[in-house]
Each structure stands twice: as C-alpha cells, then as structure tokens.
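Enquirer: Please read through the structure below; I'll follow up with questions.
We did not get these values from a lab; they are worked out from the coordinates using the rules stated. Given the structure is predicted, the values throughout are model-derived calculations rather than measurements. All Cβ positions, even for glycine, are placed from backbone atoms using ideal geometry, and neighbour counts span all protein chains on display.
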Amino acid sequence: MPMVLVMVAAACAAPATRGTVAAPEKAAAEPVAAEPTLAPQRLGTPFRYRETFSDDTAPVDWQVTVTAARCGATVLPMAADNPAYVSGDWPLDKVPPTHIDARPPAGWVFCRLDATLENVGRSPASGVEEFGNLVTSRGEYTFTEADKSIAENLQEAEKLPGGPFNPGTTARVIKIWTVPAGTTAEAVLFPQESLWDQPAHRIALS
C-alpha cells in the first residue's frame, strides 16, 4: 500500500522541465519617494515664499529678491565687535571703540549678499527668514557666528530696520559668509529651515 501511494503522488505531480529551476516569485517593489527638488530662482528676480509656523501664528507671505552678491573682500570697515570693548575691562575715561575692522583668516575672503523681503501678505512678521547655505565652486558653506555678527553690525551701520514688518513694508538684509580666496559664489539656498525639513529655493547668483 505505501508503494501505491508513492506512485499515485508521482503521477499526479506536474511535469518538470529538464534542467530548469522555477524562480521564486519577486515581491512587488515599493514605490520610491521622489527627492525634494530645489525651486530655481535668479539674482535680481523676485519670487514669492510663504513662511509658516508650527503653532497658530498666521503665515506670512514674502516677496524675496536677492539684489547683489559679491565675494573677495578682505576687510569690512568697522564691522567686527571689538574684543577690548566687549570684555568691559577698561577705565571709564578710556572707552575703546565698539567696533573694529573685520578681517578673515589668511587665505580667506568675505562673500556679501544683499536682499529685500517685502511682506506682501496680510499678517505682520516679527522678523525675516534666514538664508541657508552659500553654494560655491568649492562646495556649500554655512555662515558662522562671526559671520552673523558681522552682518548684524553692517545692518546696524547702514541703519536697516530690524522689524517688525507689517504688510506692505520691506526688510533689507545683509548676509556674510567666509570662504577660501578664489571661491566663486554660484547660488544661495533659501530659507535656512528648508535645509532640514522642506525643499529650498536655489537662487542662482550669476
């Protein structure tokens, strides 16, 4: 009886093709999410950007224009905080100047970017969005704390308003990056937050 069962099972089995092995079924490939793209913009050409917030603050609509970008400066007059003044270690009758000339390390230069952000929406803004990395012929550069301080001092020296910015008003901003000499600035990313959680605008500088 056991032999009969084996023969019946063999007879009922589907014939196999000589010399071939059936391939296992492939699992359906999961769709690959498209990577965020950078919305291209250009120097001197305005574009719209909506600033949103994680709380109930109303969004702010900006019209952003990069008006100038240049690299190569080795000194920015009276744009750096004076360590002697910041220390506070000086007699009252010999107060040092609050600022001194800003100079980059040897072999490096400053890149300066000027831009305007006009509030074209219906909600006030307490400040303006930060720019992100500077895209150069040598790679991307972020601004340092020293760069940020120099930019703020330049804005103060040029008496640029610091906000708030109501609908219909325009902010003028200055940004500074320190890069190796001979570097060509190709683009700047905007806004800074977009480097982590959403697509950025890539603004061509030439």
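Enquirer: Between residue 95 and residue 57, what is the spin-label point distance in nm, taking each point 7 Å from the Cα along the Cα→C-beta axis?
Expert: 3.4 nm
Enquirer: Ok, one more. Please compute the length gained on full extension between residue 108 and residue 48, using 0.36 nm multiplied by the number of residues separating them and subtracting their Cα-Cα distance.
Expert: 18.2 nm
Enquirer: Does segment 74-206 classify as rounded, prolate or oblate by the C-alpha gyration tensor (a ≥ b ≥ c root eigenvalues; a/c under 1.5 gives rounded; else a/b over b/c gives prolate, otherwise oblate)?
Expert: Verdict is oblate for segment 74-206.
Enquirer: Report the Stokes-Einstein translational diffusion coefficient (µm² s⁻¹, integer) for segment 43-86, Rh taken as the Kirkwood radius over Cα pairs, at 20 °C with viscosity 1.002 mPa s.
Expert: Rounded, D is 146 µm²/s.
Enquirer: Could you pull out which residues in segment 89-121 have an amide N less than 13 Å from a spot 7 Å beyond the Cα of residue 172, following the Cα-Cβ vector?
Expert: The answer is 114-117.
Enquirer: Please go through segment 70-163 and write out the GluC sites (Glu not before Pro) that DSSP classes as loop and that have at most 14 other C-beta atoms within 10 Å.
Expert: Working: sites: 118, 129, 130, 140, 145, 152, 156, 158; in loops: 129, 130, 158.
Hits after loop and neighbour filter: 130, 158.
Enquirer: Tell me the label-point distance for the pair residue 87, residue 156, using the 7 Å Cα-to-Cβ offset, in nm and rounded to one decimal.
Expert: 2.0 nm
Enquirer: Another one. What are the radius of gyration and Dmax of segment 144-206, computed over its Cα atoms and given in Å?
Expert: Here Rg and the maximum Cα pair distance are 14.1, 41 Å.
Enquirer: Report the trypsin sites (Lys or Arg not before Pro) located in segment 33-95 that are in a DSSP loop and have at most 13 other Cβ atoms inside 10 Å of their Cβ, or state none.
Expert: 94
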